[in-house]
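See structure below.
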Amino acid sequence: AGGIPVGIPILEDKGLIRDLLARVDGVILTGGPDIYPYLYGEEMRPGIGNSDHISDQMEIEIARQTLKNRKPTLGICRGIQVMAVAAGGSLIQDIKSEVSNPLSHWQNSTKDTFAHQVEVAESSKLAQIVGSNKIWVNSHHHQAVRVVPDELVVTANAGDGVIEGIEYPQHPFYVGVQWHPEGTTFVDKPSLRLFEALVKASRSYE
């Protein structure tokens, strides 16, 4: 999409995190392990997987900083969950245990395979980016956003009601998606458009 990727090391010092973020024009919060339930005020429930507390705290700090500083941010899978928790939201710890009649959100096929459709809110930035109100996505997660904080809005849902997209309307680009657009970028225009939109917003960041 024209951007230059820069890897961020695991950092615990908030000052170092701020210094590093000052050197980049945009951020992608990627997929990864389950977020520690303690960080959103819940006890562990059946189905919860492994967590990395240091990564959790670092990425939550990054999400808070990029929200505050209006830095373009794209959250992918775990990334959308980090965005929600950073702003005071909570998560479904295990979809199979907590959602009635769920779709298969943990596909065994490769990430370039579509699993289900999502409905995208017409007035959302996400709809403007992907160019449609209904798109096909892959799916490789067993957790999802449960409670969306006041400043964020839901922009996409799967057919079973699971939240698949959130954004902050007053931010130039603060968009989270539950699927993995990096897996379908080379076979799907809406997936590529997400990264193109992030790069475009990053070029405009001051």
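The values are calculated or read from the model by the stated rules, or taken from the named source; none is laboratory data. Everything numeric here is computed off the predicted structure, so don't read it as measured data. Using ideal geometry, Cβ is built from the backbone for each residue, glycine included, and neighbour counts are taken over all protein chains shown. For accessibility, only protein heavy atoms count, side chains too; no ligands or nucleic acids. Shrake-Rupley method; radii C 1.70, N 1.55, O 1.52, S 1.80 Å.
Miscellaneous remarks
- The set of residues from segment 89-100 being touching a helix residue (DSSP H, G or I) at 6+ places or on another chain (Cβ under 8 Å) and open to solvent by 10 Å² or more (accessible area, probe 1.4 Å) comprises Ser90, Ile92.
- Test: Thr155 is at pLDDT below 95 and of a type in the set (Val, Ile, Thr): no
- Within segment 88-133, the set of residues being touching a His at 6+ places or on another chain (Cβ under 7 Å) and farther than 23 Å from Glu42 by Cβ comprises Leu103, Gln107, Lys111.
- Scan of segment 126-176 for residues that are in a loop (DSSP other than H, G, I, E, B), more than 19 Å from Ala86 (Cβ to Cβ) and open to solvent by less than 50 Å² (accessible area, probe 1.4 Å), ordered by number: Ser132, Asn138, Ser139, His142, Asp160, Gly161, Val162
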